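Each remark here refers to the structure printed beneath this line.
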Amino acid sequence: MSDKISKSDSEWREELTAEQYHVCRGKGTERAFTGAYWNTKTPGMYLCACCGQELFASATKFDSGSGWPSFWQPVSPDKVGTETDRSFLMVRTEVHCSRCNAHLGHVFPDGPAPTGDRYCINSASLKLRPDDVSGEG
């Protein structure tokens, strides 16, 4: 039941904005407090900007003060993968989309209960699908 997505570099470049490509395919990081979702309170589901896989529910989002969207858990453990990141003379745990391998951000053990985790995610790697609120608009 694998629905893995694999595309060429040129295909990703055609589909993504320059910033999305830099973050998601080049393992870049957007500047703190500049991303579209760092301070968003809109209820909904955060999807992978590259493949649309559901990653994080807004109910698990919290203000970490870091300047990036932060969540205390993914929507399901199988939606994200992790690997050790030894770049920039640090040892961190990188988080990526399990479906298309897009770089999302990093996870740190300094989040709130109930998990104690802080998934620190780049806005450029996400797309918010707001909850359907009937009667408004």
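For region 86-110, taking the residues that are free of Cβ contacts under 8 Å to residues at least 24 places away in the same chain and among the charged types (D, E, K, R), the one that is nearest to Ser8 (Cα to Cα) is identified as Arg86.
Screening the candidates Asp3, Asp9, Asp85 for the property of being more than 14 Å from Ile121 (Cα to Cα) and either among the aliphatic types (A, V, I, L, M) or in contact with a helix residue (DSSP H, G or I) (Cβ under 9 Å, 6 or more places away or on another chain) (or both) yields one hit, Asp9. Looking only at residues that are more than 12 Å from His103 (Cβ to Cβ) and touching a residue at least 12 places away in the same chain (Cβ under 8 Å) in region 17-30, which one is nearest to the chain's Cα centre (by Cα)? It comes out as Glu19.
Which residue, of Thr40, Thr93, Thr115, Thr84, is of a type in the set (Ser, Thr, Tyr) and in contact with a His (Cβ under 9 Å, 6 or more places away or on another chain)? Of Thr40, Thr93, Thr115, Thr84, the one residue that is of a type in the set (Ser, Thr, Tyr) and in contact with a His (Cβ under 9 Å, 6 or more places away or on another chain) is Thr93.
Scanning region 64-84 for residues being touching a residue at least 24 places away in the same chain (Cβ under 8 Å) and either on the phi > 0 side of the Ramachandran plot or out of contact with any Cys (no Cβ under 9 Å at 6 or more places or on another chain) (or both) gives a total of 6. Phe62 falls short on exactly one of the conditions (1) out of contact with any Lys or Arg (no Cβ under 9 Å at 6 or more places or on another chain); (2) over 14 Å from Arg129 (Cβ atoms), and that condition is (1). When residues in region 31-44 are screened for being more than 11 Å from the chain's Cα centre (by Cα) and under 18 Å from Cys97 (Cβ atoms), 3 of them pass.
Say whether the condition of being on the phi > 0 side of the Ramachandran plot and either over 12 Å from the mean Cα position of the chain (by Cα) or charged (D, E, K, R) (or both) is met by at least one residue in region 102-115. No; the residues of region 102-115 include none that is on the phi > 0 side of the Ramachandran plot and either over 12 Å from the mean Cα position of the chain (by Cα) or charged (D, E, K, R) (or both).
Coordinate-derived values only; no laboratory data. Since this is a predicted model, take the numbers as computed values, not measurements. Here Cβ is always computed from backbone atoms with ideal geometry, including for glycine, and neighbour counts include all displayed protein chains.
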